[in-house]
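The values are calculated or read from the model by the stated rules, or taken from the named source; none is laboratory data. Bear in mind that the values here come from a model prediction, so they are computed numbers and not experimental data. Reconstructed Cβ throughout: ideal geometry from the backbone, glycine too, with neighbour counts over all protein chains shown. In case anyone asks, the SASA skips ligands and DNA or RNA and just uses the protein heavy atoms, side chains included. Shrake-Rupley method; radii C 1.70, N 1.55, O 1.52, S 1.80 Å.
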Amino acid sequence: MAAHGACPAVNRLLLSVKYASLHSKCRAVQHRAQYSTVPNFGEKTFDKILIANRGEIACRVIKTCKKMGIRTVAVHSDVDSSAVHVKMADEAVCVGPAPTSKSYLNMDAIMDAICSTGAQAVHPGYGFLSENKEFAKRLAAEGVTFIGPDTNAIQAMGDKIESKLIAKAAKVNTIPGFDGVVKTAEEAVKIARDIGYPVMIKASAGGGGKGMRIAWNDEETREGFRFSSQEAVSSFGDDRLLIEKYIDNPRHIEIQVLADKHGNALWLNERECSIQRRNQKVVEEAPSTFLDPMTRRAMGEQAVQLAKAVQYSSAGTVEFLVDSKKNFYFLEMNTRLQVEHPITECITGLDLVEQMIRVAKGYRLQHNQEDIPINGWAIESRVYAEDPYKSFGLPSIGRLSQYQEPQNLSNVRVDSGIQEGSDISIYYDPMISKLVTYGATRAEALARMEDALDNYVIRGVTHNIPLLREIITHPRFISGDISTNFLPEVYPDGFKGHQLEVDRRRELLGSVAALYITAQLRSQKVLGNLRVSSAPVECSHWELCVELGDGRYTADVTKSGNVYTVEVDGGKVEVSGKWNLASPLLPLTINGTNRMLQCLSRDASGNIVLQYLGTSFKLRVLSKLAAELNTYMPEKVPEDTSSILRSPMPGTVVAVSIKPGDTVAEGQEICVIEAMKMQNSLTAAKQAKVKSVHCKPGETVGEGDLLVELE
């Protein structure tokens, strides 16, 4: 199938394969940048590769394959039949229904697809079967190349217990803990007491933050054992758990390694991945602000030692926890391409997918360690269909009614696998894209990320851009003062969106008043003519009332040419712009500062929702008379949320712990909802008797569905 025209193109930037190219700074070509090498067409690799994955990573692999002249095969579930990766590939094969266990984890169906299409190699991407040793064994038995390490390395590093023992033997720094399998909750409590709280309980076969819990006492250990084992079975089919000392307030820094089948291995610098929620990364950058050259080299050399200890061949990532004194400890090795690999590509100039394909074919690495540079700075924001106001991000589903990536900006790369009209479903990870920006300095990369987030148009699903923008503009993040506890420390009461200072609030009020008048003036005209010929000449002065939250503000608006002057909230605001009300983007100049706003919605009642500084604000603009009359309107009585429990996200009910007539205590677990393979415990807001239960295990529920009523 031909590449679909609406698929977001990865930006292109061509660097020479020769060593000298690695010292060339990434630069934009026609404002479109992909930070990668030019393939050597003299090297014969594969004629056809099957990508055993979906979404953005499948699209990412297909792009490099096309660059290398390799034909591609996409696999897909029945609900993904119109997905972007399916349209981009040369061929596509349906491997089953929507549930991952019946499609993207269905080895038999994928093996049949390989056989029927004649694919010579398989790139697994990340997740799904990417670290499954049985899949790699089956491919080898059929003479099909697995684009990744061999089964021995996958097994050794995929088991956290075995990998820790190997790391110790390779003289890699490790975290104190229990090196065996924990079988029961009570055994977990005993081990946790011996190690000393706090401890980390995690799935032996885990990854991606699933099957991980931090426990600070015996009760949390028992609860963590239960949830971690359930998530481990759901995500990996393996309920084995291990327990180790939890290093409080650490940084999460990982080293990218690249090794071939001839005993050569390199470390490609580090990635700072400390900004996380629920042990899943949110914002990454390369390099880290924290590491000095000596620590970077020490971490890189230990990562290479570990890779060589298991005869690793391919791209892989060795993750470390780093404390405040720059002591670092081995966490795990991911034997696959990492989600955040693009930022390494930006600062080194290497296309990691291309290097994986070369290594899988048996070629030697092209570079030596001294040839690997750090050129500039790169930052990645993971854009998710999530509600950031709920636990920093609970999944959202829906159809992308409007979607526009900020590809018009230079040094911006968007790795995505969706387009306008795509569905974000309950079955798969809710990632929309990986938004990457590059600059000669960190300040440049951050400024470009701020612009890119403001220019990113996403409608139809709730997304986490408000949180991403607040993170990258927060003084602590800008100064590099971060850890894995950044989000709960900065937002102890949860994320509330951008908190408006007086000047910023005045800017927002002035902007919405100007937008309201612009819309009113446009509605008075049809094809440039006044609807009523006897209507007076266009007015240039208005008195308005603007409502924002619990506040009401009088706005005095005058218009001169294309400039509005708004006196509001004790100050004066000048607002000008092109005022294209048909565009989702609203570029304005406010008091001399360029701002990109988005008008998310507006109606005839004066309700307007503006995205300003990344956060959506609900406002209402009324004429002076309408505002006076509105005071006589009855107000809707809000729902008593303490007596009901609604689902905060779409998902599947895993367990219901109560029945009608039971008395529950405040904070007691009522039910467990699983969404995107993560289990979430829902609790009672008060002590009360259960009036009715509206859900049962196995049922699918939507966001806002009523689950339980209390008396």
- Please work out the FRET efficiency for the pair HIS541 and ASP503, using the Cβ-Cβ distance as r and a Förster radius of 22 Å; give the result to the nearest 0.05. 0.35
- Message: Give the aspartates and glutamates reachable from LYS171 as a straight Cα distance under 13 Å; neighbours fewer than 8 places away on the same chain don't count.
- Response: GLU301
- Would you work out the relative contact order for the chain, in percent, from Cα pairs under 8 angstrom that are 6 or more residues apart? 10
- Debye-sum result for the chain in log10 I(q)/I(0), which assumes one identical scatterer on each alpha carbon, at q = 0.06, 0.09 Å⁻¹: -0.39, -0.86
- Note on the structure: Residue separation between LEU600 and GLU134 times 0.36 nm, minus their alpha-carbon distance, gives in nm 163.0 nm
- Which percent of the accessible heavy-atom area of region 144-247 goes to carbon and sulfur, probe 1.4 angstrom? 52
- Any aspartates and glutamates whose Cα falls less than 13 Å from that of LYS361, other than same-chain ones fewer than 8 residues away, would be GLU43, ASP47, ASP150, ASP260
- Item | Sequence of ASP603, ASP387 from largest to smallest accessible area, 1.4 Å probe | ASP603, ASP387
- Message: Rounded to the nearest 10 Å², what accessible area does THR589 have for a 1.4 Å probe in the complete protein model?
- Response: 40
- Message: Contact order normalised by length for region 39-112, with contacts defined as Cα pairs under 8 Å and 6 or more residues apart; what percent is it?
- Response: 26
- Would you check the accessible area of ARG336, probe 1.4 Å, heavy atoms only, in square angstrom rounded to 10? 30
- Excluding GLY460 itself, calculate the net charge of residues whose Cβ lies under 15 Å from the Cβ of GLY460, where each Lys or Arg counts +1 and each Asp or Glu counts -1. -4
- Task: For ASP150, enumerate residues with amide H under 5 Å from its amide H, sequence gap 5+ or separate chain, H modeled in the peptide plane.
- Result: SER313
- Message: Cross-link candidates for LYS636: which lysines have Cα within less than 28 Å, leaving aside residues fewer than 8 places away along the same chain?
- Response: LYS390, LYS496, LYS618, LYS624, LYS686, LYS689, LYS691
- Query: When the accessible area of region 320-457 is split by element with a 1.4 Å probe, what percent falls to carbon and sulfur?
  - Reply: 44
- Message: With an 8 Å Cα cut-off and a minimum separation of 6 or more residues, compute the relative contact order for region 410-509 in percent.
- Response: 20
